[in-house]
């Protein structure tokens, strides 16, 4: 079976990746692709490696890795509109590979219209499978999937209630990561949070409240990309833009001629704004002051390994279920996981034996301090957690379950 996965990576990660490898952009597509996969960002090629062992032919596309994608187009004589290079090159790659199954791991970039187009152009496609593990605003794209997969049980229930064929599939850990980091280093950090902080509805509002509490009560170190408080000059500029937007709309409603509004450049520009300027959401100042630059790929795994206790806290759309990648990433590299309690945690790990759970910021702080004060117990929990992940939560098990879903959903 021929299976092709299309997805995008965080822009910030790709910028860091290529900045650290300035000569890589001149290398062939296959060389760039191998280097990108070897850095272990997100699921890298972990799933495809295991699927190939059970008979699949796979292809991994990172559609927004611009130097790599443009290199592929050059090598294959593909012409494209420079303003739409991402989708046009991806469409060409789908046509070249002729997948039986198209696995779509970005429901924003790859719109319903795009999927309709590639399906019409590629009769080889028998099944379109989509992945969703975060909030979404436009449900229409999911109607172009034959099946929707998610690691978040709450989302699976949501999709099924809306009439979609949806399946639950946990994320996993790739043991080969242990060959790409230094597992012999001693811990350098007591208590660490490595992750995202998106201050939007259904994302990380509870996470921000937790971190705000822990910053005041512990020596938690944070690696995250955060929206820092804006300087006063920028705040004033946005406030003036809001006043201008409101004033122009009021003038238009009163019948002021467009020619009059266009007499000054600023008003002329503001008259074309479609959305009222707003202040970007900013993270708690105490968190922002402590936050270090975000870590990705092997650098992230190294920091998780080098931390005595690693904090995990789930996204707001998963209030009942333990479901995220950090559960398996922390335990997989052999560190002690301190995670928010969820109703299904015991189906994944033995609580307080293989991982440690908390139900409030106060309990989280207390347990972090306890674990740091009890080295032997902490190390035993970490060892047992790693053993459980390497036994039950790897991409080998993931691939078997994925194959079962694909064969069930295939028309």
Number of positions in the range 190-205 that are assigned to a loop (DSSP other than H, G, I, E, B), crowded, with 16+ Cβ neighbours inside 10 Å and touching a residue at least 40 places away in the same chain (Cβ under 8 Å): 5
Filter result (under 22 Å from residue 31 (Cα atoms) and surrounded by 17 or more Cβ atoms within 10 Å (Cβ to Cβ)) within the range 89-110: 89, 90, 91, 92, 93, 94, 97
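Inside the range 313-411, counting only helices (runs of 4 or more DSSP H) that do not spill past its ends, which hold 3 or more residues that are under 30 Å from residue 57 (Cβ atoms)? If you could, list the steps in order and put the result at the bottom.
Working: elements: 326-333, 361-373, 375-392, 395-409.
Once the helices (runs of 4 or more DSSP H) in the range 313-411 are filtered for at least 3 residues that are under 30 Å from residue 57 (Cβ atoms), what remains is 326-333, 375-392, 395-409.
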Subset of the range 63-79 [surrounded by 17 or more Cβ atoms within 10 Å (Cβ to Cβ) and outside any helix (DSSP H, G or I)]: 63, 64, 65, 78
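Find the helices (runs of 4 or more DSSP H) located wholly in the range 80-178 whose residues include 2 or more that are touching a residue at least 60 places away in the same chain (Cβ under 8 Å) and over 20 Å from residue 42 (Cβ atoms), and list them.
Values: elements: 85-97, 112-121, 153-161.
Ranges flagged: 85-97, 153-161.
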Filter pass, residue 128 being touching a strand residue (DSSP E or B) at 6+ places or on another chain (Cβ under 9 Å), at pLDDT 95 or above and in the same structural domain as residue 114 (by TED's automatic domain parsing): yes
Odd one out for residue 298 among (1) touching a residue at least 40 places away in the same chain (Cβ under 8 Å); (2) assigned to a loop (DSSP other than H, G, I, E, B): (2)
Filter result for the condition that a residue is at pLDDT 95 or above and buried (at least 16 other Cβ atoms within 10 Å of the Cβ), over 157, 133: 133
All positions within the range 8-36 that are buried (at least 17 other Cβ atoms within 10 Å of the Cβ) and not in a loop (DSSP other than H, G, I, E, B): 13, 14, 16, 17, 18, 29, 32, 33, 36
Any hit, the range 390-405, residues being over 26 Å from residue 53 (Cβ atoms) and out of contact with any helix residue (DSSP H, G or I) (no Cβ under 8 Å at 6 or more places or on another chain): no
Some residue of the range 216-224 being exposed (fewer than 14 other Cβ atoms within 10 Å of the Cβ), in a helix (DSSP H, G or I) and at pLDDT below 70: no
Within the range 378-389, considering residues that are touching a helix residue (DSSP H, G or I) at 6+ places or on another chain (Cβ under 7 Å) and within 18 Å of residue 192 (Cα to Cα), the one surrounded by the most Cβ atoms within 10 Å (Cβ to Cβ): 385
Unmet requirement for residue 288, which otherwise passes all of (1) buried (at least 16 other Cβ atoms within 10 Å of the Cβ); (2) closer than 22 Å to residue 358 by Cα; (3) out of contact with any helix residue (DSSP H, G or I) (no Cβ under 8 Å at 6 or more places or on another chain); (4) at pLDDT below 95: (2)
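The values are calculated or read from the model by the stated rules, or taken from the named source; none is laboratory data. Computed from a predicted model, the values in this text were never measured in an experiment. Cβ atoms come from the backbone with ideal geometry, glycine included; neighbour counts cover every protein chain shown.
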